[in-house]
Amino acid sequence: MADTIISLKDVRLSLVGNTGSVDILRGITLEVAKGETVGLVGPSGSGKSSLLMLLGGLERASSGLVRVAGQDLKTMDEDALARFRRKNMGIVFQSFHLIPTMTARENVATPLELAGVRNAFDRAEAELQAVGLGDRSGH
């Protein structure tokens, strides 16, 4: 598919814990087209967060192909993955931490400034507006 933004082929993830190796993901194959909206649902412990960690390059697949935005994440070192995330995705963890002494606008603008985005504060304001939080930008 020419407009594929996410492509997983026979992805497996095994992690080693105190009790030995645990198969977290077993042969996941998935394609997501650019602009497509996908929901990932399942019971606790079914591998949803682990799959998202793979897609963000925060975890490495034990085997299989993980391709996001045209990049094979398996071939990238940690620095390249960090640059890739900065340029291509945003990740909000379940336990996120805002900088408490900064406004919402400043919290959104900070990573934009670090990435060299011009007019970071204007962009932050626009993005807060886009998600219905414009009235909270000064909080």
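The values are calculated or read from the model by the stated rules, or taken from the named source; none is laboratory data. Just so it is clear, the structure is predicted and the values come from calculations on it, not from any experiment.
Does any residue of region 66-85 turn out to be farther than 30 Å from residue 32 by Cα and β-branched (Val, Ile, Thr)?
Going residue by residue through region 66-85, those that are farther than 30 Å from residue 32 by Cα are none.
No: region 66-85 contains no residue that is farther than 30 Å from residue 32 by Cα and β-branched (Val, Ile, Thr).
With the condition kept exactly as written, say whether any residue in region 96-108 is modelled with pLDDT of 90 or more, under 13 Å from the mean Cα position of the chain (by Cα) and β-branched (Val, Ile, Thr).
Checked region 96-108: no residue is modelled with pLDDT of 90 or more, under 13 Å from the mean Cα position of the chain (by Cα) and β-branched (Val, Ile, Thr).
Can you tell me how many residues within region 13-28 are farther than 11 Å from residue 47 by Cα, among the hydrophobic types (A, V, I, L, M, F, W, C) and either at pLDDT 95 or above or not in a strand (DSSP E or B) (or both)?
Selection size over region 13-28: 0.
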